Structures are given as C-alpha cells and as structure tokens.
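Peer 1: One structure, as structure tokens, below. Some questions next.
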Amino acid sequence: MSAHTVRNRPSQHKTNWTTRARENIGVTDQADADEILALLDDQYAQVILQQTRNNAMSAKEISETCDISISTVYRRTERLIECGLLAERRVAQPDGTHHSLYEAQLNELTVRLTDDGFEILVSKKTTADLADRFTDMWEGL
C-alpha cells in the first residue's frame, strides 16, 4: 500500500502518524508528515532531490537539467526547504549580487507501522563542509 493511498483513506479510518527527526530535521506533527509524503509523491520534487543529491545546483541549472519550468523549480524548492529536505546556500558574486544553490539534505526516510499508527523517521545528510559554509557566510556579509 503506498503512502498516497494511506493519506486518502476515508475519515472513519483515521491514521495516526508519529514523526521523529534524526540530525535536526524538525518533523514534529501530522501536517509535516503529510507534507513530506506529498512532496515525495510529487515527480518534480523527486527529480530535484535526485539531481541535487551529490551536487548543489542553481534554480536555472535544475530547470535546464530536469526540463522543469523555472517557476515550478522555485515553488518546489521552497516547499522542500520548508520541510527540511533541501538546503539553500546563498553565494555572493563579485558584482555584489547573490544567487542560491540548492542541495538535497534528505539521506533516508523510513516509515514504520506501529501499534499506534505510522512513524516517520527522517535523517539528513550534511551539506557542504563547515569551512565552506563559514566562508560563504563570511563572504556574504
């Protein structure tokens, strides 16, 4: 049974969700769990996560590589960031402007069936090393 099917059950079959986060993804309630599952069911969100798994990419690069409109890329990246599945890193340019690079944070998602319902465990991977993040932050000031 897919997660999508579980979410669309009739109301008399209330599904209990418990979510826990590993490594700082703040998934704490059913709304967050539903949002994560909906995003993972979305083909554009899946492609964005897959393409940014090993390499940070700009919205334009994602759009061109994945053949997704730029507005769709921005909508999905915003939702993925809100759920803690994607990280945004702002990079300063020599002319004083900035652009964003996106990198998947999702490393593993586990759904377990328990006596109380379903439990979602999310673990994230570290994006960029600490020295690079500090340098980016310093240059962005």
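Rule-based calculations on the coordinates, nothing more; no lab input. Since the model is a prediction, treat every value here as computed from it, not as a measurement. Every residue, glycine as well, gets a Cβ built from its backbone with ideal geometry; the counts of neighbours run over all protein chains shown.
Peer 1: Quick check: pseudo-label points 7 Å beyond the Cα along Cα→Cβ at residue 112 and residue 125, how many nm apart are they?
Peer 2: Inter-label distance under the simple model: 2.4 nm.
Peer 1: Taking the mean number of other Cβ atoms within 10 Å as a proxy for protection, how do you rank 40-48, 73-81 from highest to lowest?
Peer 2: So the order, starting with the most tightly packed, is 73-81, 40-48.
Peer 1: For the range 26-93, take the convex hull of the Cα atoms, compute a quarter of its surface area, and give me that in nm², please.
Peer 2: 4.9
Peer 1: Rounded to the nearest 0.05, what FRET efficiency is calculated for residue 41 and residue 67 with R0 set to 25 Å and r the Cβ-Cβ distance?
Peer 2: Using R0 = 25 Å, I get an efficiency of 0.80.
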